Amino acid sequence: MAYTSNRYENMLREYIIEQQSDSYNRGSINYQRYNNLKIYMTPSKDKNPHIWIRIGISEACFLIEDGSVITGSIGRDQKFIPKWLNKSGIREELMATWVEANKVDFEEESKE
């Protein structure tokens, strides 16, 4: 089962756009690129705390603890993920979500 959170998606979208919005780059940001940004977790597939981030057709999996890439690539936006995870409270909230996601996965598996 995959878990997604619009809240995290909106926070990451705003962070990436903010980071690209210096006075020299403001006119060239493709805001529509981030309309379909998705974040989800798949604890049943990998027990390491991680998040999947999809932007357009690109997708990558990142460790929550340090932001390193497990697999995949999201191109030039990939450099923003470790910085976003280091923002105050983000990593802690994602870890709490990870713990809850694992509880739900365990409960579903035990019903079968």
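The values are calculated or read from the model by the stated rules, or taken from the named source; none is laboratory data. What you are looking at is a predicted structure, and each value in this text was computed from that prediction instead of being measured. Ideal geometry is used to build each Cβ from the backbone, glycine not excepted, and the neighbour counts take in all protein chains shown.
Among residues of the stretch 59-88 that are touching a residue at least 60 places away in the same chain (Cβ under 8 Å), those with a beta-carbon under 8 Å from a residue that is of a type in the set (S, T, Y) at least six positions away or on a different chain give the pairs F80/Y15; K83/Y15; W84/Y15; K87/Y15. Close contacts from the stretch 1-16, counting a first residue that is more than 12 Å from T97 (Cβ to Cβ) and among the aliphatic types (A, V, I, L, M) and a second that is at pLDDT 85 or above and part of a helix (DSSP H, G or I), with Cβ to Cβ under 6 Å and a gap of 6+ residues or different chains, come to L12/W84; I16/D77; I16/F80.
How about the stretch 1-100: which strands (runs of 3 or more DSSP E) wholly inside it have at least 2 residues that are among the small types (G, A, S)? It would help to see each step written out before you state the result.
Values: elements: 38-41, 50-55, 58-63, 69-73.
Once the strands (runs of 3 or more DSSP E) in the stretch 1-100 are filtered for at least 2 residues that are among the small types (G, A, S), what remains is 58-63, 69-73.
So that you can scan it fast, the table gives a plain yes or no per residue for (1) modelled with pLDDT of 95 or more; (2) within 12 Å of the chain's Cα centre (by Cα):
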position: I57; (1), (2): no, no
position: L63; (1), (2): yes, yes
position: D66; (1), (2): no, no
position: R91; (1), (2): no, yes
